[in-house]
Structure formats: structure tokens, C-alpha cells
Amino acid sequence: MGSRYSAVIQSVAEIIGAGRDTDSMLQSISDLLREDVDEFDWVGFYLTDSEEPETLRLGPFAGEPTEHNRIKFGEGICGRAAVTLKTFIVQDVSREDNYLSCSPEVNAEIVVPIFSDGEFAAELDIDSHQKNAITPAHRELCEKIAELLKDRL
């Protein structure tokens, strides 16, 4: 991972270590990633909904508002990541049959699951306005952030 992303990881670790409440922590991470990574146009977290099984609810995010406040497991890229519990990268969302469009400007997306106490708890969702924008370094960055957030949600 380049030194630029090492600094981002260090900043995320500092945010997590600051003892903020969950929403404030996730909002700060969303803001940081959107500001510091040029290809990231929308950054947010979807969390498992304790009141509605197999549903994700929109948590803190940075970017344009989305109408997708709740997503059922299996629906869209976020819903698929919730079922498979694996990172999903889509370099051209127009080629996806199961894509939930948040904005016509979105062309690429990465979704990374986050675990707490061994259970799926949330996911980091990132959209880019550029096709083929998600690099191996971005994947490594996002998966490292998910690892830092493990057992914190």
C-alpha cells in the first residue's frame, strides 16, 4: 500500500482510538475517505438492522443522499456482500443485473463486510463516478479499515 494510503490508515486508527460514539466514528471515517481518496465519490456504512432480520440500514455516509436507506440481504451489491460475507468489487455497474442505482453518476463500487464478535455487523460501501476505478490498493485499504473496525460495531 502506498504511503498515501498508509497515512489514511493511520488517520482511521486514530479516529477509532478516540473513543467517539459509533455514528460519530463512522461519519469521520466516511468524511476522511471521501476527502482523501480521489476515486471515492460516495462513502458510507450499512449496518445490520437489529429490528428487521436480514436487512441493512444506512448509517453514516459522505456524499450525495441516497434513497436506499434499507437494503434486504441479497439485493444489489451491498445485499450480495451481506449474503456471501466477501468483498465485492464492480468496475462497471451498468453490467450488473442486481445493481441498486444510487446515482446515475456511479460507475464502480466496492463493498467490504465488517464483523463484530465473529458475526456480520456492517459493511463499508464506496461508489466511484469512474469506471474501473477500484484498484488492488483500494481493496487493501478498505479491507484494512474493515479489520480495524472489527469488534467495534
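The values are calculated or read from the model by the stated rules, or taken from the named source; none is laboratory data. A quick note: this is a predicted structure, and the numbers were derived from the prediction, not measured. Because the Cβ atoms are built from the backbone with ideal geometry, glycine has one as well, and the counts that use them run over all protein chains shown. What goes into the accessible areas is simple: the full protein's heavy atoms, side chains included, and nothing from ligands, DNA or RNA. Shrake-Rupley method; radii C 1.70, N 1.55, O 1.52, S 1.80 Å.
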ask   = Given Ile29, Ile15, which one is surrounded by 13 or more Cβ atoms within 10 Å (Cβ to Cβ), out of contact with any strand residue (DSSP E or B) (no Cβ under 6 Å at 6 or more places or on another chain) and without any contact (Cβ under 8 Å) to a residue 24 or more places away in the chain?
value = Ile15
note = Cys78 passes all but one of the listed conditions (1) within 18 Å of Pro53 (Cα to Cα); (2) open to solvent by 40 Å² or more (accessible area, probe 1.4 Å); (3) at pLDDT below 95; the exception is number (2)
request  = Kindly establish whether Glu64 is acidic (Asp, Glu) and in a loop (DSSP other than H, G, I, E, B).
outcome  = yes
query = Is one or more of the residues making up segment 35-48 in contact with a strand residue (DSSP E or B) (Cβ under 6 Å, 6 or more places away or on another chain) and either on the phi > 0 side of the Ramachandran plot or of a type in the set (D, E, K, R) (or both)?
reply = yes
query = What are the residues in segment 120-153 that are touching a residue at least 12 places away in the same chain (Cβ under 8 Å), open to solvent by 80 Å² or more (accessible area, probe 1.4 Å) and more than 19 Å from Ala13 (Cβ to Cβ), if any?
reply = Gln130, Lys131, Asn132
key: Looking only at segment 49-64, and only at residues there that are touching a Cys at 6+ places or on another chain (Cβ under 9 Å) and on the phi < 0 side of the Ramachandran plot, the one that is least open to solvent (accessible area, probe 1.4 Å)   = Leu56
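So if I check each of Tyr5, Tyr46, which one is buried (at least 16 other Cβ atoms within 10 Å of the Cβ), modelled with pLDDT under 95 and of a type in the set (Ser, Thr, Tyr)?
Tyr5
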query = Which one of these is over 19 Å from Asp151 (Cα atoms) and aliphatic (A, V, I, L, M): Ala13, Ala7, Ala81, Ala18?
reply = Ala7
message = Looking at segment 13-52 only, could you name the residues that are among the acidic types (Asp, Glu), farther than 16 Å from Pro65 by Cβ and assigned to a helix (DSSP H, G or I)?
response = Glu14, Asp23, Glu35, Asp36
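Just need a number here: residues in segment 111-134 that are in contact with an Asp or Glu (Cβ under 8 Å, 6 or more places away or on another chain) and within 16 Å of Leu33 (Cβ to Cβ).
11
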